[in-house]
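Trainee: This is the structure, below, for whatever I ask next.
Each value in this text was obtained by applying a stated rule to the coordinates, not by laboratory testing. Predicted model only: the values in this text are computed from it and were never measured. Ideal geometry is used to build each Cβ from the backbone, glycine not excepted, and the neighbour counts take in all protein chains shown.
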Amino acid sequence: MAEIANEEPIAGFEAPVHRALTEPILLAGATRAVAILNGTVSAALGLGLRLWIAGLVVWAIGHMAAVWAAKRDPFFVEVVRRHVRYPAHLGS
């Protein structure tokens, strides 16, 4: 590639963007929607069915899996939604 002779920014074409506008919203390291869903299911299991240990185990395993997935790809929820929306015959 040819080097650009003038690498200075052009006035008016550059604006500062805060990091909060580009990063996903995480809740304790997991994607917010997944963390809320995991907590709700675990609370229903623990409080509704009175299976306290099972609720804690489901929450711990679910949260660890959500944190692992968010570390690999913070937008994994959107990717899965998009993947599920397309028909299977498009993949082959």
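Trainee: Consider R50 against the criteria (1) over 13 Å from the mean Cα position of the chain (by Cα); (2) within 26 Å of D73 (Cα to Cα): it satisfies all of them except one. Which criterion is unmet?
Mentor: In the conditions (1) over 13 Å from the mean Cα position of the chain (by Cα); (2) within 26 Å of D73 (Cα to Cα), R50 misses (2) alone.
Trainee: Here's something else I'd like to know. Taking helices (runs of 4 or more DSSP H) that fall entirely within the range 11-92, which contain at least 3 residues that are among the polar types (S, T, N, Q) and surrounded by 10 or more Cβ atoms within 10 Å (Cβ to Cβ)?
Mentor: 32-43
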